[in-house]
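A short worksheet on the structure shown next.
The values are calculated or read from the model by the stated rules, or taken from the named source; none is laboratory data. Note that this is a predicted model, so its numbers are computed, not measured. In this analysis, Cβ positions are derived from the backbone assuming ideal geometry, glycine residues included, and neighbour counts consider all displayed protein chains.
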Amino acid sequence: MTEDENQVELSVVIPLLNEQDNLRPLYEQLRQALDGKHRYEVLFVDDGSTDESFNILTEFHQADPRVRVIRFRRNFGQTPALSAGFAHARGSVVVALDADLQNDPADIPMLVSKLHEGYDVVSGWRKKRHDAALTRLVPSRMANWLISTITGVRLHDYGCTLKAYRREVLAETKLYGEMHRFIPALASWSGAHIAECVVNHRPRTAGVAKYGLGRTWKVVLDLITVKFLGSFSTKPIYIFGGLGGLTALFALLFGLLVISQKIARGVDMSGNPLLILTAVLLITTVQFILMGLLAELLVRTYHESQNRPTYVIREVLEAHDKNERTP
Ligand code: UDP
Ligand code: MG
């Protein structure tokens, strides 16, 4: 068994929810694309399907030792499904793709060879997308622009599930919410090299799309979280303190205005709404600073309880004794 484990070079991770009509053609296409080219395993993650999906997967599993199946107790979502797949993957390279046949398994060898050119993540770019224009393409355009601008990692298509990763890169990222799409950004912040490859995209022919417009807002919220964690997770008081500084500045400004109005024009201070604004801003300043201090405590608990360093080391060249001899 251990020998087997060592032999897997590529793990294909496929999250799925109610895709019974897509699974057989998908499996066929995977075999066509990978048989003879890679020593691979396929990890299907059944995210609480209520149709025949799991039975079909059981069939694959019985017939093919390279097929592994993880079945969730209920529907948890695509990101947790991917996470589970990543955690169980044994290959040194991990490729994720959708089960709905929109991604083309024939692209996998290309992504893997690109990865071997020296990248840590190779992201698929669905240059010609076949999805509904209004509910998917337009929000996705905006989301990609926003994510690229805010994370500073420029990709055309963050939402594409078809991506290839080195497994070490995945081991370091924990995924929450809709965050699987941010892996390239998170990895790049830890010093990973990212590349992009144009991949084939096909319209969905069976089953239903599981998402609508609602996802866009979730992605934006995740983006805020990711940016915050990426930039300030070791120094949260800088961002809270920064905001506090801003409110303090405005408090000073309005306070001075109240006083100058009193002196110059005899405006009654206690009846001046600007005085209330000044007071509110002062309270907000104190709140921001206190929130920053609380966050500093949380950060220490987070890093120190798990022995998580606040940096990522690529390699260490240790001191050694040139004449050292082993006894
Ligand atoms: N999926 C999943 N759990 C969910 C929703 C979706 O595992 O809760 C799977 C789904 O079966 C498909 C992939 O995630 O394999 C992408 O879903 P979909 O095609 O609906 O999304 P889109 O292609 O529009 O991003
Ligand atoms: Mg799809």
Suppose the filter is more than 16 Å from ligand 2 (Cβ to nearest atom), over 16 Å from the mean Cα position of the chain (by Cα) and outside any loop (DSSP other than H, G, I, E, B); does ARG141 pass it? yes
Are any of the residues in the range 288-299 assigned to a helix (DSSP H, G or I), out of contact with any Phe, Trp or Tyr (no Cβ under 8 Å at 6 or more places or on another chain) and among the small types (Gly, Ala, Ser)? no
Quick check on this structure: which one of GLU172, GLU168 is in contact with a Ser or Thr (Cβ under 7 Å, 6 or more places away or on another chain) and either farther than 25 Å from PHE240 by Cα or buried (at least 20 other Cβ atoms within 10 Å of the Cβ) (or both)? GLU172
Test: residue in the range 167-189 that is under 22 Å from VAL95 (Cβ atoms), among the polar types (S, T, N, Q) and either at pLDDT 90 or above or not in a loop (DSSP other than H, G, I, E, B) (or both): yes
Starting from the range 246-262, keep only residues that are free of Cβ contacts under 8 Å to residues at least 24 places away in the same chain, then list their pairs with residues that are surrounded by 14 or more Cβ atoms within 10 Å (Cβ to Cβ) whose Cβ atoms are within a distance under 6 Å, requiring at least 6 positions of separation or different chains. GLY255/THR278; LEU257/LEU274; VAL258/ASN272; VAL258/LEU274; VAL258/LEU275; GLN261/VAL267
Could you please give the count of residues in the range 278-301 that are farther than 30 Å from SER231 by Cβ and surrounded by 14 or more Cβ atoms within 10 Å (Cβ to Cβ)? 1
Verdict on PRO109 being outside any loop (DSSP other than H, G, I, E, B) and surrounded by fewer than 21 Cβ atoms within 10 Å (Cβ to Cβ): yes
When both residues are 6+ apart or on different chains and their Cβ atoms are under 7 Å apart, which pairs have a first residue that lies in the range 130-150 and is more than 26 Å from SER188 (Cα to Cα) and in contact (Cβ under 8 Å) with a residue 24 or more places away in the chain, and a second that is within 15 Å of ligand 1 (Cβ to nearest atom) and of a type in the set (Lys, Arg)? HIS130/ARG202
Set ALA192, ALA206: member being more than 20 Å from MET291 (Cα to Cα), small (Gly, Ala, Ser) and within 15 Å of ligand 2 (Cβ to nearest atom): ALA206
Is it true that THR149 is more than 15 Å from HIS193 (Cα to Cα), within 16 Å of ligand 2 (Cβ to nearest atom) and among the hydroxyl-bearing types (Ser, Thr, Tyr)? no
Scan of the range 146-165 for residues that are over 21 Å from ALA99 (Cα atoms) and either away from ligand 1 (no atom under 16 Å from the Cβ) or part of a loop (DSSP other than H, G, I, E, B) (or both), ordered by number: LEU146, SER148, THR149, ILE150, THR151, GLY152, VAL153, ARG154, LEU155, HIS156
Considering only residues that are within 21 Å of the chain's Cα centre (by Cα) and farther than 19 Å from GLU19 by Cβ, look in the range 98-113 and name the one that is farthest from ligand 1 (Cβ to nearest atom). VAL112
Positions within the range 16-53 being in contact (Cβ under 8 Å) with a residue 40 or more places away in the chain, more than 8 Å from ligand 1 (Cβ to nearest atom) and of a type in the set (Val, Ile, Thr), in sequence order: none
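Return yes when VAL69 is touching a residue at least 24 places away in the same chain (Cβ under 8 Å) and closer than 23 Å to HIS201 by Cα and no when it is not.
The answer is no for VAL69.
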Can you find a residue that is within 8 Å of ligand 1 (Cβ to nearest atom), surrounded by fewer than 17 Cβ atoms within 10 Å (Cβ to Cβ) and free of Cβ contacts under 8 Å to residues at least 60 places away in the same chain anywhere in the range 83-93? no
Return the only residue of ALA96, ALA143 being crowded, with 16+ Cβ neighbours inside 10 Å and at pLDDT 95 or above. ALA96
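Is it the case, given these coordinates, that GLY207 is over 20 Å from GLN78 (Cα atoms) and touching a residue at least 12 places away in the same chain (Cβ under 8 Å)? Before the answer, list the steps.
Values: over 20 Å from GLN78 (Cα atoms): no; touching a residue at least 12 places away in the same chain (Cβ under 8 Å): yes.
Criteria not met by GLY207.
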